[in-house]
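See structure below.
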Amino acid sequence: MPKAYSSSNALLHRGLITAIASFFVLIALIFQANAQEVLAQVQSTTDGTVTDGSNSQKKIDKLDDQTAELVMEYRAAVRQLDELREYNGQLEKLIKAQREEMVKIRQEIEDVTTIDRTIIPHMFKMIDGLEAFVNLDTPFLIDERKARVARLRELMDRSDANPAEKYRKILEAFEIENEYGRTIEAYEGELTVEGVERTVNFLRLGRVSWLYQTLDGEESGVWSQAAGDWVDLDGDFDAEIRTNLRIAREQAAPNLMVVPLFGANGGN
């Protein structure tokens with residue numbers, strides 16, 4: 001082979017090698033640039049994924065808190081519902097009992113109305129009888145006793161007093177009149193004697209005898225129911241009446257009382 005040809009081939013061979021090497025260097029540089037860009041993209045994607053994951057975790061945590069709060073509210077609502085059901089059940093029992101009580105009260109009102117229609121006329125008859133008795137009885141404490149009867153008639157006209165209270169007051173008046181027949185009493189009062197009004201001592205021995213004596217003890221008299229007036233005793237019982245007044249006032253020991261009496265025909 002000629003020497004000149006060999007030198008040319010060697011130069012061509014070195015040039016080819018250089019070109020190939022340059023090509024591979026260029027390829028390497030291009031690949032490196034692309035790799036860096038891809039790596040940057042991957043890094044950016046990774047950072048975004050991490051950020052998205054953090055946000056998602058926050059949302060999940062928030063949803064967990066809301067779910068827990070809703071569960072607590074639900075459980076509280078269930079407890080409240082159970083309590084309301086129990087309360088409503090108790091109210092139903094109370095309402096049932098009240099309805100039964102209303103029926104009972106309504107029946108009692110009807111019964112009371114029936115009783116009122118029967119007893120009220122009876123009470124008026126009792127008052128009429130009491131008034132007649134007072135007018136016919138020995139007239140001791142007559143103003144007080146007539147005033148008591150008048151108060152009973154006023155009570156019967158009052159709408160704020162129930163029949164039970166009215167009946168009780170009438171019975172009290174009868175009891176007071178009954179007590180007069182079993183007790184003795186001494187008290188001062190005004191009495192017109194022979195046209196002159198004087199202060200005297202009255203002595204009541206049940207309904208057996210009603211007497212008076214002047215404050216000086218010098219004049220005495222006894223009530224005659226038959227005559228409807230006082231009868232002067234002419235000093236016959238002055239001492240006995242003075243003693244009886246002291247006994248009635250508990251100023252002397254109890255003892256046998258001597259008093260004048262009138263028979264049915266008005267005789268002494």
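The table below lists the values:
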{"read-out": "The stretch 184-262, accessible area per residue, ligands and nucleic acids excluded (1.4 Å, Å²)", "value": "55 Å²"}
{"read-out": "Percent accessible area from carbon and sulfur atoms, the stretch 128-198, protein chains only, probe 1.4 Å", "value": "50 percent"}
{"read-out": "Trypsin sites (Lys or Arg not before Pro) lying in DSSP loop within the stretch 163-259, provided at most 15 other Cβ fall within 10 Å", "value": "Arg182, Arg207, Arg249"}
{"read-out": "Span per principal axis, largest first, for the Cα atoms of the stretch 173-252 (Å)", "value": "35, 31, 20"}
{"read-out": "Candidate residues Tyr87, Tyr212: accessible-area rank, largest first, probe 1.4 Å", "value": "Tyr87, Tyr212"}
{"read-out": "Whole-Hz ³J(HN,Hα) from phi, Karplus 6.51 cos²θ - 1.76 cosθ + 1.60, for the stretch 230-246, glycine and proline x", "value": "7, 10, 6, 8, 6, x, 5, 10, 4, 5, 5, 5, 4, 5, 5, 4, 5"}
{"read-out": "Solvent exposure ordering (accessible area, 1.4 Å, most first) of Ile119, Ile184", "value": "Ile184, Ile119"}
{"read-out": "Computed accessible area, Met102, all protein chains, 1.4 angstrom probe, square angstrom", "value": "110 Å²"}
{"read-out": "Amide H within-cut-off set for Arg198, under 5 Å, with H built and near neighbours excluded", "value": "Leu191, Thr192, Val193"}
{"read-out": "The stretch 87-182 - Kirkwood radius from inverse mean 1/r over Cα pairs (Å)", "value": "16.1 Å"}
{"read-out": "Eligible lysines near Lys96 by straight Cα distance, threshold 26 Å, same-chain separation 8 or greater", "value": "Lys104"}
{"read-out": "Amide hydrogen neighbours beyond the local backbone of Ile184, cut-off 5 Å, H modeled", "value": "Gly206"}
{"read-out": "Area of Glu219 that stays accessible when all protein chains are in place (1.4 Å probe, Å², to 10)", "value": "40 Å²"}
{"read-out": "Surface per residue (accessible, 1.4 Å probe) for the stretch 87-182, Å²", "value": "71 Å²"}
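The values are calculated or read from the model by the stated rules, or taken from the named source; none is laboratory data. Worth saying up front: this structure is predicted, and the values here are computed from it rather than measured. Using ideal geometry, Cβ is built from the backbone for each residue, glycine included, and neighbour counts are taken over all protein chains shown. Heavy atoms of the whole protein, side chains included, go into the accessibility calculation; ligands, DNA and RNA do not. Shrake-Rupley method; radii C 1.70, N 1.55, O 1.52, S 1.80 Å.
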